[in-house]
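Report on the following structure.
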Amino acid sequence: MLLLVLAGYVTYHALIGIAGLRSPLTVLADAGVRWLFVAMLLVAASYAAGALSLVGASTRDLAFGRTCMRQVAASYASRQHPTGRGGAAVLGAYLRDHGAGPYEAVETVALTRLTGAFVHLVALALALTAAAAQGGETLHSPAWSRPLILGVSAVAALGTFLLARRRAEVVLPLKAAAAGLPRRLRRPRRLIALLAGNAAVTSCSVLAFLAVGHAMNVPLSPAVLAAVYLLAAPLHVLGPLPGGLGIVEPTLVLALVTLGTGPTEAVLTVLIYRILSFWLPIPPAALAFRALSRR
């Protein structure tokens, strides 16, 4: 975790240095604080939504409250590994405690991710359609875009190489999830919970990003902001660090600035969103993880 914090500091310091901040205190003084609280609530709600998704994916009877607790603990474990296998291990152990076999546990966790990817694609298509209906945005590529793109490309290349070496960890569970999907279709209530949970996870993440953007007075429509987020979020799988640290942040900043947001507003929007969604949940998640580990 110390290395993750160090990597985060280096990433954010470099991003601030490349983009350049002008009068950040003035921008923060004009920020809508209440929208930041809204973003915090949405981030918290996303964990409950993830628990609902797991309840729907499982063939076992899972208590919603305990599943929420496990979901929070899993988020801490997932920050230890780029592919999120730590979180999958925590959730898999939880399912095995409720009678699931090893294969069923892997299949169930992977099914939540497979369904989440489907929901994400649907949301992306809707956001792009809505953004296109509003008319094209004028693009302004900043002078520092080239070194930023080169840096992100280098990090993504490293992440892709590492991902290719452990592709079995990703591909095999997803194949198992796809094979088990027909069995879930015979249980419509569970299927509805699975889809609703994943839809809520995606919605909460997008709305939290929109809330931070609104708080920072980003001059882009909600549809464009949603499309930017949904296009950039999947890049986390290419990052060599958990949560796509070092690749998601510069991509979001570059996209916002290119679409007409000021560099200061763009950097602050992305950093505050990542603090609320990635860093702030770590302490309570660590407490939940340690509490469950003692049992």
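Bear in mind these aren't lab numbers, they're just calculated from the coordinates by the rules spelled out. Bear in mind that the values here come from a model prediction, so they are computed numbers and not experimental data. Positions of Cβ are backbone-derived with ideal geometry, glycine not excepted, and every protein chain shown enters the neighbour counts.
Choose one of 94, 56, 15: the residue whose Cα lies farthest towards the positive end of the charge dipole of the stretch 4-99 (beta-carbon charges +1 Lys, Arg; -1 Asp, Glu; about the Cα centre). Of the candidates, 94 comes out farthest on the positive side. Taking Cα atoms only, the orientation of helix 188-215 departs from the longest principal axis of the chain by about 20 degrees. Build a GNM of the chain with springs between Cα atoms under 10 Å apart, and of 89, 208, 57 the one that fluctuates most is 89. Towards the positive end of the charge dipole of the chain, with charges on Cβ (+1 Lys, Arg; -1 Asp, Glu), say which of 76, 5, 257 has the farthest Cα. My answer, from the dipole projection, is 76. Rounded to two decimals, the Cα radius of gyration of the stretch 53-201 over 2.2 N^0.38 Å is 1.27.
Just the number: Rg to Rh for the chain, Cα atoms, Kirkwood Rh, two decimals. In the chain, Rg relative to Rh is 0.97.
Mind running the shape call on the stretch 205-295? Use the C-alpha gyration tensor, a ≥ b ≥ c as the square roots of the eigenvalues: rounded below 1.5 for a/c, prolate if a/b tops b/c, oblate otherwise. Because a/c hits 1.5 or more and a/b exceeds b/c, the stretch 205-295 counts as prolate.
Cβ crowding within 10 Å, taken as a proxy for footprinting-reagent exposure, orders 107, 169, 249 from fewest neighbours to most as 169, 249, 107. With 5 Å bins beginning at zero, the pair-distance distribution over Cα atoms of the stretch 68-122 amounts to 5, 21, 25, 26, 17, 5, 1 %. Please report the spacing between the Cα centers of the stretch 16-87 and the stretch 200-221 in Å, no decimals. Taking the Cα centre of the stretch 200-221 as reference, the centre of the stretch 16-87 is 13 Å away.
Inter-label distance, residue 287 to residue 141: 4.8 nm, where each label sits 7 Å from its Cα along the C-beta direction. Whole angstrom only: what separates the Cα centroid of the stretch 265-295 from the Cα centroid of the stretch 114-169? Here the answer is 23 Å between Cα centres. Prolate is the label for the stretch 1-117, because the ratio a/c of its alpha-carbon gyration tensor axes (a ≥ b ≥ c) is 1.5 or higher and a/b is greater than b/c.
The ranking of 75, 203 from fewest to most other beta carbons within 10 Å of each one's beta carbon is 203, 75. Considering only 155, 201, 212, the Gaussian network model of the chain with Cα springs below 10 Å gives its largest mean-square fluctuation to 155. Each Lys and Arg Cβ is given +1 and each Asp and Glu Cβ -1; about its Cα centre, the stretch 27-294 then shows a dipole of about 1100 debye.
For the chain, a Gaussian network of Cα nodes joined below 10 Å ranks 152, 270, 206 by mean-square fluctuation, and the top entry is 152.
Let me know the shape class of the stretch 82-157, please: from the alpha-carbon gyration tensor, a ≥ b ≥ c as square roots of the eigenvalues, rounded when a/c is under 1.5, otherwise prolate if a/b is greater than b/c, or oblate. In terms of gyration-tensor shape, oblate. Sorted fewest first by neighbouring Cβ atoms within 10 angstrom, 129, 11 come out as 129, 11.
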